[in-house]
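The values are calculated or read from the model by the stated rules, or taken from the named source; none is laboratory data. Note that this is a predicted model, so its numbers are computed, not measured. When we count neighbours, we look across all protein chains shown, and the Cβ atoms used for this are built from the backbone with ideal geometry, even at glycine.
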């Protein structure tokens, strides 16, 4: 029985693996960003934008490089925003007054007077809270920044909207913002949104102008934050990330298109008047296991005047995973038809680099792994030298078109054809070698049987 050559069989068996690797593995492709600098300095600092994160291929921006005009690699420091810290917040009861209807149209509200200590006092009987279209809150005794107004909504159901303005003299008012409030019961549980966010505000008085009938609150409180607590940097939002896949059991998968260091997650449900419980998961890539990020109640409810009320963003620490999954508890009816939409709130890193060599300087991501002697990120303390190093600002002026970007589809198609033809020729060659070895084995004359010694007499 003929024996096939082992090498040929092994090569043929490895052919599909080689072909798959060539066809499916993406080519490493760097994207370069031109940096515009301000003034002349030894160092420049640039805040990264969303395009950098979208084109980075490795966790933690490990593929980031900085170059000068001659193409030389420059050392740099990568400074991430500080981790969000839990602020110490305190709830304090504050005096409040229901304003008469006529007082809403006057610069100084009627029915209250300002005492010598700045506190408000009622000068006439107040109307019922439900009949007043505006409330006046006295914050003059607070010594810390106001972060929110918390209204104790009464039992039962309520939906309403309110506009907030601030003042220090009851004469001049500045708009602060608006909010939707609600309290509804669904499936034996109560869904309540009783908080009006203010950011970080220092003011003596607040005016709450109600759109429609105000609630009859059990109490009104103001949430304060210690004055020494530094305010967090403003978040940037990666919006409109639609679910790319719906799986059985109420699972929805999202691809954010980059490794954004998310700190907040917002879920927009496809249909109004939807309340669900869901769990949020994430992972870095398709090969990694899902890990739970958070769980909670998500809602989207119709409000007065066509306005809608939606669940607040989830605080998740910091998470740079690219893939996300929303697992909806289908026992409450799911989310209906349509796909949910995800948004990520994130803060960018800052790159500080040495301005060695001539401009223009550039930043690139998506490059192959660095060689051992290539300059890469270093600690900021190691990068900065001298008693008072001057650090000027730089900004990303735009992304340079990759030399292969215009011809990428045609090049990819041509490369695939070449790989297929090469694989076909390789297969034919392997089969030919196997056939030649087989024919040579069959054509060789059979070896004569060994001679036997005559039996001993």
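Values for this structure:
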item: Odd one out for residue 253 among (1) closer than 22 Å to residue 309 by Cβ; (2) in contact (Cβ under 8 Å) with a residue 40 or more places away in the chain; (3) outside any loop (DSSP other than H, G, I, E, B); result: (1)
item: Every pair of residues 6+ apart whose Cβ atoms lie under 6 Å, when the first sits in segment 295-323 and is within 19 Å of residue 212 (Cα to Cα) while the second is assigned to a loop (DSSP other than H, G, I, E, B); result: 301/273; 302/272; 302/273; 304/212; 309/303
item: Complete set of residues in segment 272-287 that are part of a loop (DSSP other than H, G, I, E, B) and within 14 Å of residue 311 (Cα to Cα); result: 272, 273
item: Filter result for the condition that a residue is part of a strand (DSSP E or B), in contact with a strand residue (DSSP E or B) (Cβ under 9 Å, 6 or more places away or on another chain) and either modelled with pLDDT under 90 or surrounded by 13 or more Cβ atoms within 10 Å (Cβ to Cβ) (or both), over 345, 357, 334; result: 345
item: Failed item, numbered, when residue 12 is tested on (1) at pLDDT 50 or above; (2) assigned to a helix (DSSP H, G or I); result: (1)
item: Residues (buried (at least 17 other Cβ atoms within 10 Å of the Cβ) and over 17 Å from residue 274 (Cβ atoms)) located in segment 296-312; result: none
item: Residue satisfying all of: in segment 57-78; in contact with a helix residue (DSSP H, G or I) (Cβ under 8 Å, 6 or more places away or on another chain) and assigned to a loop (DSSP other than H, G, I, E, B); farthest from residue 365 (Cα to Cα) among these; result: 75
item: Segment 277-295, residues that are more than 17 Å from the chain's Cα centre (by Cα) and surrounded by 13 or more Cβ atoms within 10 Å (Cβ to Cβ); result: 277, 278
item: Verdict on residue 265 being at pLDDT 90 or above, part of a strand (DSSP E or B) and farther than 28 Å from residue 55 by Cβ; result: no
item: Check on residue 449, outside the structural domain of residue 54 (by TED's automatic domain parsing), at pLDDT below 75 and not in a helix (DSSP H, G or I); result: yes
item: Criterion: at pLDDT 90 or above, outside the structural domain of residue 273 (by TED's automatic domain parsing) and surrounded by fewer than 18 Cβ atoms within 10 Å (Cβ to Cβ) - qualifying residue of 175, 197; result: 175
